[in-house]
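J.: Dropping the structure in here first, questions after.
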Amino acid sequence: MIEPASQITCIDCGGRCFLLTPPREDGIWLEGDMVAYRCEDCLDRWDLVLEDDDDAARGDQPHT
C-alpha cells in the first residue's frame, strides 16, 4: 500500500516540509499520484510522484 510521508526534509535548506495534498475521497493513494509539500522554513514547494517502494527496490536487485 502506498502512502506519502506526512513530513519530508527540504533539499534546499534542511527544514521540515509538510504534506499539502489531501487523499482522494476513498483515502487510497495510487502509484503515480502527485503530492505537494511546503517547507516551513524557506517556503519552497516540492511536487513529488508517488512510487511503490517494492518496485523501486526490485530495480536495485541484479537479474538472475
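J.: Just give me the residues in the range 14-57 being acidic (D, E) and not in a helix (DSSP H, G or I), in sequence order.
T.: Passing the criteria: E25, D26, E31, D33, E40, D41, D44, D47, E51, D52.
J.: Quick one: how many residues across the range 15-38 are in contact (Cβ under 8 Å) with a residue 24 or more places away in the chain, open to solvent by less than 90 Å² (accessible area, probe 1.4 Å) and farther than 19 Å from E51 by Cβ?
T.: 1
The values are calculated or read from the model by the stated rules, or taken from the named source; none is laboratory data. These numbers come from a predicted model, not from an experiment. Every residue, glycine as well, gets a Cβ built from its backbone with ideal geometry; the counts of neighbours run over all protein chains shown. For the accessible areas, the whole protein counts, side chains as well, though only heavy atoms, and no ligand, DNA or RNA atoms are used. Shrake-Rupley method; radii C 1.70, N 1.55, O 1.52, S 1.80 Å.
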